[in-house]
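> Let me begin by handing over the structure; questions about it come next.
The values are calculated or read from the model by the stated rules, or taken from the named source; none is laboratory data. Treat the numbers as computed from the prediction; the structure is a model and nothing was measured. FYI the Cβ positions are ideal-geometry reconstructions off the backbone, even for glycines, and counts take in every protein chain you see.
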Amino acid sequence: MTARTNPYDPVPRVGNRERAMQRRNRRVWIFVALVACLLGGLILWPVVWFAFNYGVKFDFPAALPLPQGTTAVLSADGADDDDPMRSRQQVVDVPAGSTVSLPDFYRDLFPAGQGWSDLPLTGDQELCLVNKRNDEYTEVVEVFNYTGSRVPAQPGRHLVMISRFQSADADPCGLANAWVDSDLF
């Protein structure tokens, strides 16, 4: 005699062989999922590592202080994560007849005793001070005669800039100009 199945039974009866097959299939799928996760993690790990380690690990420097009587006309920031750097620029006016010398002011503000060194000048540069004492970046302070077009050039107008580079050249003077808005020059 054969057992009859109840057509109203919501759970069909499964034999031991079918249950064993379901358990084995479940274990295989769990194994496949774990291997897929492991392989996915191994493939994505370099991408995640690169995303967290890309770019600079330092902030923008504070804008340069200005001597008394000098006014800021406009300011801009420059940044790049491919060649890790941060920069702040200001176009400033020194009043006519003023005895303020921006290069002397910044030489006094950033003395050699704190690691600053005066490097040779090029072009419209009036000052280039470099400090390599920090292990994370090289800092550069520069003063240029302003010849840009964003605001009219006039006597006593200068571009002052402070920059940080993760790895700067031996002579980083003028290096930040690559990230300065072209109409500031």
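> Filter region 101-117 down to residues that are surrounded by 16 or more Cβ atoms within 10 Å (Cβ to Cβ) and not hydroxyl-bearing (Ser, Thr, Tyr), then give me how many there are.
6
Residues checked against (1) surrounded by 12 or more Cβ atoms within 10 Å (Cβ to Cβ); (2) in a strand (DSSP E or B):
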position: GLU136; (1), (2): no, no
position: VAL141; (1), (2): yes, yes
position: GLN154; (1), (2): no, no
position: LEU159; (1), (2): yes, yes
position: CYS173; (1), (2): yes, no
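> Can you tell me which condition ASN177 does not meet? The list is (1) crowded, with 16+ Cβ neighbours inside 10 Å; (2) in contact (Cβ under 8 Å) with a residue 12 or more places away in the chain, and all the others hold.
Here ASN177 meets the rest and fails (2).
> Based on this model, can you work out whether ASN177 counts as modelled with pLDDT under 90 and over 27 Å from PRO95 (Cβ atoms)? Let's see the steps before the verdict.
On the way: modelled with pLDDT under 90: yes; over 27 Å from PRO95 (Cβ atoms): no.
Considered against the rule, which asks whether it is modelled with pLDDT under 90 and over 27 Å from PRO95 (Cβ atoms), ASN177 comes out as no.
> Being without any contact (Cβ under 8 Å) to a residue 12 or more places away in the chain, of a type in the set (Asp, Glu) and assigned by TED's automatic domain parsing to the domain that holds ALA178 narrows it down to one of ASP135, ASP124, so name that one.
Working: ASP124 fails: without any contact (Cβ under 8 Å) to a residue 12 or more places away in the chain.
Going through ASP135, ASP124 in turn, the sole match is ASP135.
> Moving on. With the requirement that a residue be modelled with pLDDT under 85 and over 25 Å from the mean Cα position of the chain (by Cα), what does region 98-137 give you?
Residues satisfying the conditions are SER98, THR99, VAL100, THR122, GLY123, ASP124.
> If you take the residues of region 81-96 that are of a type outside the set (Asp, Glu) and part of a loop (DSSP other than H, G, I, E, B), which of them is surrounded by the fewest Cβ atoms within 10 Å (Cβ to Cβ)? Before you say what the answer is, go through the steps one by one.
To start, the set of residues in region 81-96 that are of a type outside the set (Asp, Glu) comprises 84-92, 94-96.
Narrowing the set further to residues that are part of a loop (DSSP other than H, G, I, E, B) leaves 84, 94-96.
Numbers: PRO84: 18, VAL94: 20, PRO95: 10, ALA96: 8.
The extreme case among them is ALA96.
This table checks each residue for (1) surrounded by 16 or more Cβ atoms within 10 Å (Cβ to Cβ); (2) of a type in the set (Lys, Arg); (3) in a strand (DSSP E or B); (4) without any contact (Cβ under 8 Å) to a residue 12 or more places away in the chain.
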| site | (1), (2), (3), (4) |
| --- | --- |
| ALA63 | no, no, no, no |
| LEU66 | yes, no, no, no |
| ASP77 | no, no, yes, no |
| SER98 | no, no, no, no |
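> Something else about it: Scan region 100-126 residue by residue and report those that are part of a helix (DSSP H, G or I) and over 19 Å from PRO67 (Cα atoms). Can you show your working first?
Of all residues in region 100-126, those part of a helix (DSSP H, G or I) come to 102-109, 112-114.
Result: ALA112, GLY113, GLN114.
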